[in-house]
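Take a look at the structure set out below.
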Amino acid sequence: MRTTRRLLNGETLVLDVPSAQELPPSASISVLAQDGLELELNSGGPGHLEHYLSVSGSTLTEQVQLRQGTTLRYGRYGGDPASGLAFSVQVGDHDVFGFTVPSLDLEGLSALLSQVEFTADPAGPVLTPGGSVDWSPFRTHDIAQVALLDSGQRTLLDVRRTRNGVTRPSGPGLDVRGGRLSRSSEEDRAHYAVLETAAFVVYGIPGTEGDLDEVATTLGQVTAELS
């Protein structure tokens, strides 16, 4: 099964998972930076935002208009007055959301986001930072894609854009359809399989530890490419 998703920086991921019977709507994650401060942004549909607010115990109770006409909805993260702000901006059919550190107040958040251009796209919103705001040089642009496999297993594919995106790595592992396949060592606390491609690194995280073999087999047929 194949799906297409925009990264927040405007690049497009084409992900093919032959053994998937369903690929639910994915989420994209990127990090903005301003004068040493980082702000993580998530993007998904209404279901992603609702889940995020529910898990964090947050409610978006207020709203303010940003300089470019976009509406910023916000409320205290976790409902705690001492915490930062949970926030969301609707861009077409998608939401861009996250939370701030306590030191970043509404004025600072509004000023930061007012320097970002939000563009709607059916495959996911595109953000163009400007002024004093840019993408963090220390973080990747990611896509989190849940895959429901033919076996009934539910697995998470954590797809991360490589920084150079020029040549496929030649480290340890096995050459497969989409790149080079390896897996975490027995000593690692978390167990996962890894597919390294020219443009992305895909981490396959099983629902349970015993399903790692199936996840590795699944990744052996996956391709992750730029459109």
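The values are calculated or read from the model by the stated rules, or taken from the named source; none is laboratory data. Computed from a predicted structure; not experimentally measured. Note: ideal-geometry Cβ built from the backbone for every residue, glycine included; neighbour counts use all protein chains shown. Side chains are part of the model used for accessible areas, which takes the heavy atoms of the whole protein and leaves out ligands, DNA and RNA. Shrake-Rupley method; radii C 1.70, N 1.55, O 1.52, S 1.80 Å.
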Give Gly69, Gly36, Gly44 a once-over and let me know the one that is surrounded by 13 or more Cβ atoms within 10 Å (Cβ to Cβ) and not hydrophobic (A, V, I, L, M, F, W, C). Gly44
Hits in segment 91-114 (condition: open to solvent by less than 30 Å² (accessible area, probe 1.4 Å) and in a loop (DSSP other than H, G, I, E, B)): Thr100, Leu104, Ser114
For segment 115-153, give me each residue that is open to solvent by less than 20 Å² (accessible area, probe 1.4 Å), among the polar types (S, T, N, Q) and closer than 16 Å to Leu41 by Cβ. Ser136
Quick check: anything in segment 76-83 in contact (Cβ under 8 Å) with a residue 40 or more places away in the chain and either among the aliphatic types (A, V, I, L, M) or out of contact with any Pro (no Cβ under 8 Å at 6 or more places or on another chain) (or both)? no
Could you tell me how many of the residues in segment 10-42 are farther than 23 Å from Val176 by Cα and either of a type in the set (A, V, I, L, M) or in contact with a Ser or Thr (Cβ under 6 Å, 6 or more places away or on another chain) (or both)? 11
Considering only segment 76-89, state which residues are open to solvent by 70 Å² or more (accessible area, probe 1.4 Å) and at pLDDT below 95. Pro81, Ala82
Here's a check for you: in segment 47-66, which residue that is closer than 18 Å to Pro125 by Cβ and open to solvent by less than 40 Å² (accessible area, probe 1.4 Å) is nearest to the chain's Cα centre (by Cα)? Leu49
Give me a count of the residues in segment 36-80 that are of a type in the set (Asp, Glu) and out of contact with any strand residue (DSSP E or B) (no Cβ under 8 Å at 6 or more places or on another chain). 2
Could you tell me whether segment 179-200 includes any residue that is open to solvent by 30 Å² or more (accessible area, probe 1.4 Å), under 29 Å from Leu39 (Cα atoms), at pLDDT below 95 and of a type in the set (A, V, I, L, M, F, W, C)? yes
Modelled with pLDDT of 95 or more and closer than 16 Å to Ser30 by Cα: does that describe Leu106? no
Taking segment 213-227 as the region of interest, how many residues are aliphatic (A, V, I, L, M) and open to solvent by 10 Å² or more (accessible area, probe 1.4 Å)? 2
Just a yes or no: is a residue in segment 2-14 open to solvent by less than 50 Å² (accessible area, probe 1.4 Å), under 23 Å from Arg76 (Cβ atoms), in a strand (DSSP E or B) and not β-branched (Val, Ile, Thr)? no
Quick one: count up the residues across segment 17-26 that are open to solvent by 20 Å² or more (accessible area, probe 1.4 Å) and assigned to a strand (DSSP E or B). 2
